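One structure is given here, and the rest of the page talks about it.
Each value in this text was obtained by applying a stated rule to the coordinates, not by laboratory testing. The model shown is predicted, which means the values in this text are computed figures rather than measured ones. Ideal geometry is used to build each Cβ from the backbone, glycine not excepted, and the neighbour counts take in all protein chains shown.
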């Protein structure tokens, strides 16, 4: 017979969340990252405001996020890099840091379960990330109202919120990964490097690797359809692809399909008139798999960290 | 007899092939100060972690205050104060903030928490440094902060793992004084250590651990009888003729050693100071001093582990 634990596993959860958020928000590490995000937002917003295509009045606010001026990428381009960095910075020393400071056994000797500690740390990190991103988001919208002189439409706000949600979910994946490594590796530096390597691998090398694999398959089989499907499947294993695809469709209502277009589809689109924007519900349908993929990835990574942490001995 | 506070039955913990704790049967009653004594790696900390539900036993069971640490760890942990070896705090927070976090984790309401934190810091002599960051604290202060943290729970049982490790003699002495105050408050204390004289100074009963087993258990006197074979040593300082022969003739004598010209050490089955004095006077020596050497844990420990390694 398996013994059943008594008492709530969530006891003390919000105490841990509050402490983690207080720690993060007052730490030097987060201060530096916040300054970087703020500067990036200010610069890209300035560029976007100067480069907004004149005459078009559709989705001006969404263009604040996506308009770029060479050589600088748009704000969303920077977010793709900064969000994983912040998420990893929030999570890489969460468990091993407690272990090395010898606070872990003392905290676990209080009447809480390990569940509350791990989930509290995860939620604390996620809330911090959400807080920072929401603040930046509000700032951009606010400055946009100020400079453009018009309020955002309901659809713009809804799309903007979806974009925020996707960005937080994308951060959740890297936070989850960083926490898995922080449970697995005793040295915070090792955990940070491991998390950054995985991130680099998926952001920089994965695309190249997919290209090579698809080329190899192309030599072996001549089917174009199969090649395209394979490429799409492999590319979407990377959370980076999922994130880029989802914000592409959310912030550009004109986007009607994701991934490389087949000639047939392209011709069809021509016939329908490509430039007419999709309604929000259709854009949402388009990125639904990507969004759920990001959230599912976050949950899976947290579950792995949870299992590892539950099995861990709290002394060396 | 007082009620049983901590009880284990065939408690066993294996890590792969290594047996950390081997069929441990332990009973500690309310108000006792029990010392777990043993070299590093003898299973002391593992036993403590199992009592707190922080590590799962491979076999056997434990009860703390009537609760099963495996199934009801929250009940156990809200009643038991635990000071781990080398206790750590959040360096960037103040002493007060560190304790406030613990109080919240224990679900104490804010006014109760504030009062108890202030009381605990006051009692540990840390009231003046309550608002200083723990990063600036010395080892001894951290240790006292650890005790303050325990006190704020108002625990029924206190478990201390190597509490005096790394403390200077003065701080260690103060620390033992604190443990004595727990005893006065009728709090049950479980103390693990490898520093024998300290255990001897505060513990009512002692369990000697070796390779995951509790090999001997009892009061210091009982241990002495078991391990040292019931020997009493009487020290006699006397000037005059050689007393070795005469002392050896005493019925209860085991052995006599002449340590120098006027100092003798008599090992006996009983306290034979009276006979020794009588014999010395009869032979015509001047007795300068006579004393009974109390068995020290150091000796028991040494003697026991000599025996084990020899076997």
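From the alpha carbon gyration tensor of the stretch B:4-225, can you work out the equivalent ellipsoid semi-axes (sqrt of 5 times each eigenvalue) and give them in Å, largest to smallest?
The answer is 29, 20, 16 Å, longest axis first.
Evaluate peptide B:51-61: per residue, the Cβ atoms of other protein chains within 10 Å of its Cβ; return the mean as an integer.
Mean shielding count: 2.
For the stretch B:115-189, what are Rg and Dmax over the alpha carbons, in angstrom?
According to the Cα coordinates of the stretch B:115-189, Rg and Dmax are 12.1, 34 Å.
What distance in nm lies between label points placed 7 Å from Cα along the C-beta direction at residue B:265 and residue B:228?
It works out to 1.0 nm between the two label points.
Compute the helix-to-body angle for B:95-105: its Cα long axis versus the longest principal axis of chain B, expressed 0 to 90° and rounded to tens.
Tilt relative to chain B: about 70 degrees.
Once the convex hull of the C-alpha atoms of the stretch A:131-230 is built, how many Å³ does it hold per residue, rounded to a whole number?
It comes to 177 Å³ per residue, whole-number rounded.
Quick one: go through the stretch B:234-250 and flag any residue whose amide nitrogen is under 13 Å from the point 7 Å out along the Cα-to-Cβ line of residue B:258.
B:238-248
In percent, what relative contact order does chain A have, based on Cα pairs under 8 Å that are 6 or more apart in sequence?
22 percent
Taking the mean number of other Cβ atoms within 10 Å as a proxy for protection, how do you rank A:7-15, B:87-95 from highest to lowest?
Highest to lowest by the protection proxy: B:87-95, A:7-15.
What is the mean number of Cβ atoms from other protein chains located within 10 Å of the Cβ atom of each residue in peptide B:121-127, rounded to a whole number?
The shielding value for this peptide is 0.
For a quick check: sort A:186, B:110, B:63 by the number of other beta carbons within 10 angstrom, fewest at the front.
B:110, A:186, B:63
Just how many % of Cα pairs in the stretch A:38-116 lie over 23 Å apart, if you round to the nearest whole percent?
Percentage above 23 Å: 49.
Relative to the longest principal axis of chain B, what angle (0 to 90°, nearest 10) does the C-alpha long axis of helix B:297-310 take?
Once rounded, the angle reads 80 degrees.
How large is Rg/Rh for the stretch B:232-294, to two decimals, with Cα atoms and a Kirkwood Rh?
0.90
Cut-off 10 angstrom, C-alpha nodes, Gaussian network model of chain B. Which of B:17, B:298, B:85 fluctuates the most?
Maximum among the listed residues: B:17.
Using square roots of five times the C-alpha gyration tensor eigenvalues, list the equivalent-ellipsoid semi-axes of the stretch B:78-160 in whole Å, biggest first.
Taking √(5λ) for each eigenvalue gives 18, 15, 11 Å, largest first.
Separation of the stretch B:244-269 and the stretch A:19-34 by C-alpha centroid, Å?
73 Å
Residue by residue through A:99-108, how many Cβ atoms from other chains fall within 10 Å of the Cβ on average?
If you average over the peptide's residues, the count of other-chain Cβ atoms is 6.
Using alpha carbons only, what's the Rg to Rh ratio of the stretch A:66-177 with Rh from Kirkwood?
Rg/Rh for the stretch A:66-177 comes to 1.12.
No solvent, one uniform scatterer per C-alpha: report log10 I(q)/I(0) for the stretch B:163-289 via the Debye equation at q = 0.12 1/Å, two decimals.
So the normalised log intensities are -0.67.
Over all Cα pairs of the stretch A:13-311, how is the pair count split among 10 Å bins, expressed in % and running from 0 up to the last occupied bin?
In order of increasing distance, the bins hold 6, 24, 30, 23, 12, 4, 0 percent.
With contacts defined as alpha carbon pairs under 8 Å and 6 or more residues apart, what's the relative contact order of the stretch B:4-225 in percent?
30 percent
For chain A, set up a Gaussian network in which alpha carbons nearer than 10 Å are linked by springs, and say which option among A:36, A:136, A:95 fluctuates the most.
Sorting by GNM fluctuation, first place goes to A:36.
Regarding the protein assembly as shown, what is the average projected area of its C-alpha convex hull, in nm²?
With the hull built on Cα positions only, its mean projection is 41.0 nm².
Using only helices, what value at 222 nm comes out for the protein assembly as shown when you add -39,500 (n - 2.57) per DSSP H run of length 4 or more and divide by the total residues, to the nearest 500 deg cm²/dmol?
Theoretical 222 nm ellipticity from helices: -18000 deg cm²/dmol.
Using the C-alpha gyration tensor of the stretch B:44-101, what are the square roots of 5 times its eigenvalues, in whole angstrom, with the largest one first?
27, 13, 8
In degrees, nearest 10, range 0 to 90: what is the angle between the Cα axis of helix A:75-91 and the longest Cα principal axis of chain A?
10 degrees
When the Cα centres of the stretch B:51-71 and the stretch B:203-233 are compared, how far apart do they sit, in Å?
26 Å
Between B:180, B:278, B:237, which gets the highest mean-square fluctuation from a Gaussian network model of chain B, Cα cutoff 10 Å?
Looking only at B:180, B:278, B:237, the largest GNM fluctuation is found for B:278.
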